[in-house]
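**Q** Take a look at this one; I'll ask things after.
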Amino acid sequence: MRGRLPLLAALALLPTPALAAQPAERATNWTAIAMFAIFALLTLGLTRWAARRTRTAADFYTAGGGITGFQNGLAIAGDYMSAASFLGITAQIFADGFDGLIYSIGFLVGWPIILFLMAERIRNLGRYTFADVASFRFAQAPVRSFAATSTLVVVLFYLIAQMVGAGQLITLLFGLPYAYAVVIVGVLMTLYVLFGGMTATTWVQIIKAALLLGSASFMAAAVLAPFGFSPEALFARAVDVKSGLAATAGSPDAAAGRAIMAPGSFVKDPVSAISLGLALMFGTAGLPHILMRFFTVPDARAARTSVLWATGWIGYFYMLTFVIGFGAIVLVATEPGYSDAGGALRGGANMAAMHLAHAVGGDLFLGFVSAVAFATILAVVAGLTLSGASAISHDLYATVLRRDRSDSAAELRVSRITVLVLAVAAIALGIAFEGQNVAFMVSLAFAIAASGNFPVLLLSLLWRGCTTRGIVAGGTTGLVLALVLTILSPAVWVGVFGHAAPVFPFSSPAIISVPAAFAVIWLVSLLDRSARADADRAYYLAQRVRSETGIGAAAAGDH
Amino acid sequence: MIDPDHQAISRDPRYRQLLRERGRLAAVLTAVVLAAYVGFILLVAFAKPALGRPIAGGVTSVGIVLGFALILLAIAVTGIYVRAANRRFDRLGADLRAEHDR
């Protein structure tokens, strides 16, 4: 059981019941608030600068295509290095050692696959949204309606999880009331997106990524330095600490601490592990706010470079989290001040990294890292909102409703109205779900992205025989299956609704829903004899040539 | 309706070569990543003691070394693809564009 849920918890940042159960009243942390105020002022200044460069719909959605590969790589890494992965994975390593590494690897291996199969083709075919790519040769209205729906579902679940997580984390770290935290996140995010569009959203993400990588590097170095930078020495000390803790708890095994060097409870159930791996790997390739980033670079070459940088930074970050988790075992688990009377970490299991920040850098550094965690949520929420807004204004309004007869100014206006609506919805939902168990929502977003968006994108790109009907039927199948099976899974059926046993036994639906989506797209396309299907197949050649060579693709600036 | 331009490009031998070379590299590297990842998960599922065994007489286990190796592998294969694309595929693509893109 413990093997299944922590990932969901880690993903959602929302964490363990221990965190949720903490009383809201904590001493107000003025150091953290001051540091965060500096970050907010800096990024608002940046938004002013970005606002002057945001005139057209292209500027708003894609920063005018003027982001470099290196910058985009850092922004993608930033989208990925959420407060969830930082706090959740270090907490997992702090508790179980090796097992935390399994999560990190699942998150990382999606990136090479995205590069090999999709990144350059997506850049060559699309302008603003992944629906541009998925609907390239198909009937616009049905495919875009599906893609926009799926985008909004993914964005909504992701947003709720982030908002609730933000409220809880900031209550804990800053000592501010929950509702304040949610409103602050909502208002700042709205200012970034509304005025600064993609330019501000990207730069906020880049700054935050640099701050997070810098803080994590400092913590890892501070942990390793006393051991002469020998990981072996650090691991040996951590094993001793864990053995000591086990002996105190009455374990007869003198080498009990060795358990943190080996796989533990994560794989009680290999099917769940593989299913979760599929959701992580292919979900990344279907997340609308991540795919959107490929349209901010000038060409396919820059798209490719951004994946290399992103993979490098994310891989480096996961190595740091491993060292930080072990550092927490050595420095936090041995220090009684960080635990309560019962031996549990103060503030909940996910606070391991925060306590370590205090152990290596005192109150000032703890304040700094707290501010970075807040900034992290803010940056991710801004990207999500922008991608949700573009699905409504570009896919539904401009293409489906107005059939491309609207001008850039009208589209931009609809985008901005949508941003406001989404922001109000995010704040309202964040407050409505206070105290609820929403840990499953991020993994649900990943599962829907893997089951709905990924098969649609991959087959539309690579299979000539694919048709409009196949795409809509298969994508919808994946989306609905992912949703229904998640509701019937242990995390929701048992964890949220309180039933005795789950209807669907595995923690992630991906192992069923991803193949099902592929199968339905294939079967329906194969049987599709409509006139539209002939056109879909005939247009494949043109799509293929453009996706492979970039001939005819929108260049930077003139999207 | 198919733009005749696309027909011409698709018959260009350099286009076919680009698709063949890039397709092969992408397929091989995708297979490497998937095999390594699925293999790792299967080891974690079915060979826990083997992964827990220390290397070189210390406490660092085989599993930790493999896990870090997998992270480095992901970065390395990405680098291999980008290198090949920058050097080889972009040249083929540029040739095609020079001839067919007006």
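**Q** Under the Karplus relation 6.51 cos²θ - 1.76 cosθ + 1.60, θ = phi - 60°, what is the ordered set of whole-Hz ³J(HN,Hα) values for the stretch A:321-335, x standing for Gly and Pro?
**A** 4, 5, 4, 5, x, 5, x, 5, 4, 6, 9, 9, 5, 8, 10
**Q** Let me ask another. Return the long-range amide H neighbours of residue A:339 (sequence gap of 5 or more, or a different chain), with a cut-off of under 5 Å between placed amide H atoms.
**A** Here the answer is A:346, since their amide H atoms fall under 5 Å of that of residue A:339.
**Q** Report, to the nearest 10°, how far helix A:510-527 tilts away from the longest principal axis of the Cα atoms in chain A, using its own Cα long axis and a range of 0 to 90°.
**A** 10 degrees
**Q** Based on Cβ point charges of +1 for Lys and Arg and -1 for Asp and Glu, what charge dipole magnitude is obtained for the stretch B:4-100 about its Cα centre, in debye rounded to the nearest 20?
**A** 180 debye
**Q** Using +1 at the Cβ of each Lys and Arg and -1 at the Cβ of each Asp and Glu in the protein assembly as shown, identify which of A:410, A:86, A:374 lies farthest towards the dipole's positive end.
**A** After comparing all options, I get A:410.
**Q** Now for a separate question. Kindly state, to the nearest 0.05, the FRET efficiency for residue B:95 paired with residue A:462, given R0 = 35 Å and r defined as their beta-carbon distance.
**A** The formula returns an efficiency of 0.90 here.
**Q** Once every DSSP H run of n ≥ 4 in chain A is given -39500 (n - 2.57) and the sum is divided by its residues, what mean residue ellipticity at 222 nm do you get, rounded to the nearest 500 deg cm²/dmol?
**A** After summing the helix terms and dividing by residue count, I get -22000 deg cm²/dmol.
**Q** Taking the convex hull of the Cα atoms, report for the stretch A:396-437 its projected area averaged over all directions, in nm².
**A** 3.7 nm²
**Q** In whole Hz, with x marking every Gly and Pro, tabulate ³J(HN,Hα) for the stretch A:158-163 from phi via Karplus 6.51 cos²θ - 1.76 cosθ + 1.60, θ = phi - 60°.
**A** 5, 4, 4, 4, 5, 5
**Q** Are there DSSP H segments in chain B that both extend 30 Å or more along their axis (alpha-carbon positions) and score a mean Kyte-Doolittle hydropathy of at least -0.5? List them, or say none.
**A** Those that pass (Cα extent of 30 Å or more, hydropathy at least -0.5) are B:13-46, B:62-84.
**Q** Assuming 0.36 nm per residue, please report the length gained on full extension of the stretch residue A:529 to residue A:405 beyond their Cα-Cα distance.
**A** Stretched out fully, the residue A:529 to residue A:405 stretch lengthens by 41.6 nm.
**Q** Considering the dipole of the stretch A:5-549 built from charges on the beta carbon (Lys and Arg +1, Asp and Glu -1) around the Cα centre, which of A:153, A:298, A:355 is farthest to its positive end?
**A** A:298
**Q** Quick one: dipole size for chain A, taken about the Cα centre, charges +1 on Lys/Arg Cβ and -1 on Asp/Glu Cβ, in debye to the nearest 20.
**A** Dipole of chain A, to the nearest 20 debye: 1360 debye.
**Q** Then there's this: So, R0 is 56 Å and r is the distance between the beta-carbons of residue A:127 and residue A:334; what FRET efficiency does that work out to, to 0.05?
**A** 0.55
**Q** Continuing with this model, one more query. Tell me, what HN-Hα J-couplings in whole Hz come from the Karplus equation 6.51 cos²θ - 1.76 cosθ + 1.60 at θ = phi - 60° for each residue of the stretch A:250-259, using x for Gly and Pro?
**A** For the stretch A:250-259, the Karplus curve yields x, 6, x, 7, 5, 10, 4, x, 4, 4 Hz.
**Q** Which whole number gives the average count of other chain Cβ atoms within 10 Å of the Cβ atoms across peptide B:29-42?
**A** For this peptide, the per-residue mean of nearby foreign Cβ atoms is 4.
**Q** Now, a different point. Hey, if you drop one equal point scatterer on each alpha-carbon of the stretch A:329-418 and run the Debye formula without solvent, what base-10 log of I(q)/I(0) do you get at q = 0.14, 0.22 Å⁻¹?
**A** Reported log10 I(q)/I(0), two decimals: -0.62, -1.00.
**Q** Sort A:341-347, A:491-497 by the packing proxy (mean of other Cβ within 10 Å over each peptide's residues), most packed first.
**A** Highest-to-lowest ranking by the protection proxy: A:491-497, A:341-347.
**Q** Per the Cauchy relation, a quarter of the hull surface: what is the mean projected area of the convex hull of the alpha carbons in the stretch A:25-65, in nm²?
**A** Mean projected area for the stretch A:25-65: 4.3 nm², to one decimal.
**Q** I've got another one for you. Taking every Cα atom in chain B, find the radius of gyration and the maximum pairwise distance Dmax, and write them in Å.
**A** Rg and Dmax of chain B, Cα atoms, are 21.2, 69 Å.
**Q** Compute the angle between helix A:270-284 and the longest alpha-carbon principal axis of chain A, please, reported from 0 to 90 degrees and rounded to the nearest 10.
**A** Value to nearest ten degrees: 50.
**Q** Could you give the alpha-carbon Rg of the protein assembly as shown over 2.2 N^0.38 Å, rounded to two decimals?
**A** With N residues counted in the protein assembly as shown, Rg over 2.2 N^0.38 Å equals 0.94.
**Q** Looking only at the stretch A:80-113, which residues have a backbone nitrogen under 18 Å from a spot 7 Å from the Cα of residue A:248 in the C-beta direction?
**A** A:94-97
**Q** For the residues A:118, A:163, what sequence is obtained by ranking on other C-beta atoms within 10 Å, fewest first?
**A** A:118, A:163
**Q** Can you give me the relative contact order of the stretch B:4-100 as a percent, contacts being Cα pairs under 8 Å and 6 or more apart?
**A** 38 percent
**Q** Which residue, B:43, B:13, B:81, has the largest displacement toward the positive end of the dipole of the stretch B:4-100 when charges sit on each Cβ (Lys, Arg +1; Asp, Glu -1)?
**A** Looking along the dipole axis, the top candidate is B:43.
**Q** Per residue of B:9-15, what is the mean number of Cβ atoms on other protein chains within 10 angstrom of that residue's Cβ?
**A** 3
**Q** From Cα pairs below 8 angstrom and at least 6 apart in sequence, can you work out the relative contact order of chain A, rounded to a whole percent?
**A** 30 percent
**Q** Still on this structure, I have one more. How much FRET efficiency would the formula 1/(1 + (r/R0)^6) give for residue A:44 and residue A:227, where r is the Cβ-Cβ distance and R0 is 30 Å, rounded to 0.05?
**A** Between residue A:44 and residue A:227 the formula returns 0.10.
**Q** Please give the length that would be gained between residue B:69 and residue B:38 if that part of the chain were fully extended, namely 0.36 nm times their separation in residues minus their C-alpha to C-alpha distance (nm, one decimal).
**A** 9.7 nm
Any read-out appearing in this document is the output of simple, stated calculations on the displayed coordinates, not a laboratory observation. Bear in mind that the values here come from a model prediction, so they are computed numbers and not experimental data. Note that each Cβ is placed from the backbone with ideal geometry, even for glycine, and that neighbours are counted across all protein chains shown.
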